[in-house]
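To start, the structure itself, in structure tokens.
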């Protein structure tokens, strides 16, 4: 690695640290951070690798040996794991420098935490990877790890206006990442552009750079949830498709797939059944330290029995197979679909994951691409959904889509 | 719960504690244990539930808030998690009393640890759930949790002569259980009979008792690995089928399935790729504390790239679908197949998982049933393999098979 690159890294890092100093009181993206001098020294001493000298925020549900992992819950205050989560260790092995832990909602669920949207502090950054999305969007760190069980990467990426990526389920190890719903949990990350996102994927999967031969065709998929799309979402879907056409990419309208409608309710059943069991220790030992919102979720969850769960799993498995067959036969590089209903709502909620649930449940890779600003000046963008195990193909398609937006604006 | 039941529990527990006192120096099943008086008090005070007052050993790769989790590795010496793994918390919620942590091989891999086979201390108890199988087999505890990634429940159950069960993959939460290979890891358990095994399943899945209507047909499946079967395994497969016939259960010979041959190598590729990444922190921070056997495994693993992994995953997924279709159409209650090549080998290894890899990789539930003793006086038995998500059906079939052995002997 050349000295020039180290100098670039140091200059970028100085800017990021200045940004944190200036903005942390307002954005509140961090639970804990290393000292500035330690970060600068670590960047200077970074090992060679794809992420050499990259600063990295780590969502506070992902274990780090050098900073506590509190999971957005007072139950885990001061909890210091002995080791790094596998994804963190892999990032460090590739040269990344962990600068701190980013704010998560309680247990990566829906209760808003302290982080604010960097574009408007009266708005949510989205959840549950709130701090990771906000920190990258605000220029406080180059990249940040998050997790997604329903929409916890794509939604905050959309609300904060950064690239957010969730790989194929279980392609990357979840060791050391707090479980929420094991059928759906995935690690993911936030970056400023698709190039950085792709480099992160290569680092964590230790994939070599690939030359994907794309079809040059994208499917426009409005989904069964289209009625929830706000005007800015309708508009950004239209403008994105126009930009793609202008860039020579064919956009094909894809009808809503019947097998995907059934997934929506099945996923909710599976999520609730699993959460009730995953949190057995917290439920039985610290009920007083669990928020009302999560307690209500447990109450609903308790009524779901094994037979309902198994039926939902059977529905999901059939839908996964049907979707794989559909995508393989479609000749499409990806499905373009909304990331979120609209701009970020106010801080009372973390926003709606209605446009994320089906894709996460299918286990397919998905990426959010920021496009423009909405009527309130907050970011809006689109989601591009790929095929299971074809993450590099999706990232290659995302680069094309990102380029087309550059052409159009 | 009646007082009589408590008295029974107390008397059983006194016997178990006496057994530990007498035999622990030889069997060495425990890494750490609660004090006898504390166990007795906890049993007396056990909450009502399906497992009320049951003593439970917990494999030392499964987190417990009250005892360290050392994962069979000096890297994790004294490692004290803040919380219980979900499966432990669920068992405690159902009334189980954790008596201690049982010996695991290093990282639940293949390096033998200190535990000896309770039937012959020159023989292995099997791995990696060595202590859990040995403790139940030796009457030191009523039940014990283990984990299986290749054959780490079924194999030690076979070598020690107890019932061992691995449910459908991801049916039970892995939260708080150390990851080895996320595509294959599952929690499982050891009990003395199928009735206890079934109660444990109901407790951990909170399933109601079900009336499964069985076909009364079992498939005899010798598998592509049949050449590895020792004479005692050939014999126990024959005698088991005769016993089933005598009990009025139809035994059908099932030809080796082509889609299952490909799984064997694909599973090895997936396992190695995942292990190399899962252990990124241990590899990069404590290479000196990792055994030569595991270091050699990492060396092999490092050479497997993402494309090889993705190809193997594609092979596995097709095989899983083909197997589901085959089983659903077969009208069989389960496949009867070897659990292990033969009696437990000597303590230099933990034995061969050759008869376990395919089933674990498919994610289907599987159970070991002890049948008789082999030529060296060590236990031999059979494996009954079920259909994904149909765990209660497999357990019902296992009860029938277990009964048939009672009739025949």
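Read-outs throughout are calculated quantities, based only on the coordinates presented, and are distinct from any laboratory measurement. Predicted, not measured: the structure shown is a model, and the values here were computed from it. Virtual Cβ from ideal backbone geometry, glycine too; neighbours counted across all protein chains shown.
Normalised by the residues of chain B, what does the relative contact order come to in percent, with Cα pairs under 8 Å and at least six apart? Relative contact order comes out at 18 percent. Sort the stretch B:3-205 into rounded, prolate or oblate with this rule: let a ≥ b ≥ c be the square roots of the eigenvalues of the Cα gyration tensor; rounded if a/c is under 1.5, and if a/c is not under 1.5, prolate when a/b is larger than b/c, oblate otherwise. Rounded. For the segment B:278-288, counting C-beta atoms of other chains within 10 Å of every residue's C-beta and taking the mean gives 6. In chain A, the beta carbon lying closest to the axis that superposes A onto B belongs to the residue given here with its whole-angstrom distance, A:321, 3.
Label-point spacing for residue B:376 across the identical copies (point 7 Å from Cα in the Cβ direction), in nm and ascending order: 7.2.
Among rounded, prolate and oblate, which fits the stretch B:331-389 when a ≥ b ≥ c are the square roots of the eigenvalues of its C-alpha gyration tensor, a/c under 1.5 means rounded, and a/b larger than b/c means prolate?
Verdict is oblate for the stretch B:331-389.
Peptides A:153-161, B:361-369, A:387-395, A:190-198 ordered by packing proxy, namely the average of other Cβ atoms within 10 Å per residue, highest first: A:153-161, B:361-369, A:387-395, A:190-198. Working ranking of peptides A:339-350, B:66-77, B:41-52 by packing, defined as the average number of other Cβ atoms within 10 Å per residue, highest first, is A:339-350, B:66-77, B:41-52. Each copy carries a label point for residue A:114 at 7 Å from Cα along the beta-carbon vector; from one copy to the others these points are 4.5 nm apart, nearest first. Put the Cα centre of the stretch A:77-117 next to the Cα centre of the stretch A:288-364 and the gap is 23 Å. Shape class for the stretch A:1-80: oblate, because the ratio a/c of the largest to smallest gyration tensor axis (alpha-carbon atoms, square roots of eigenvalues) is 1.5 or more and b/c is at least a/b. Placing dummy labels 7 Å off each Cα toward the beta-carbon, the span from residue A:307 to residue A:195 is 5.8 nm.
Residue A:242 label point (Cα plus 7 Å toward Cβ) to equivalent points in the other copies: 8.2 nm, shortest first. Computed extension gain for residue A:215 through residue A:21, at 0.36 nm per residue and net of the alpha carbon distance, reaches 65.3 nm.
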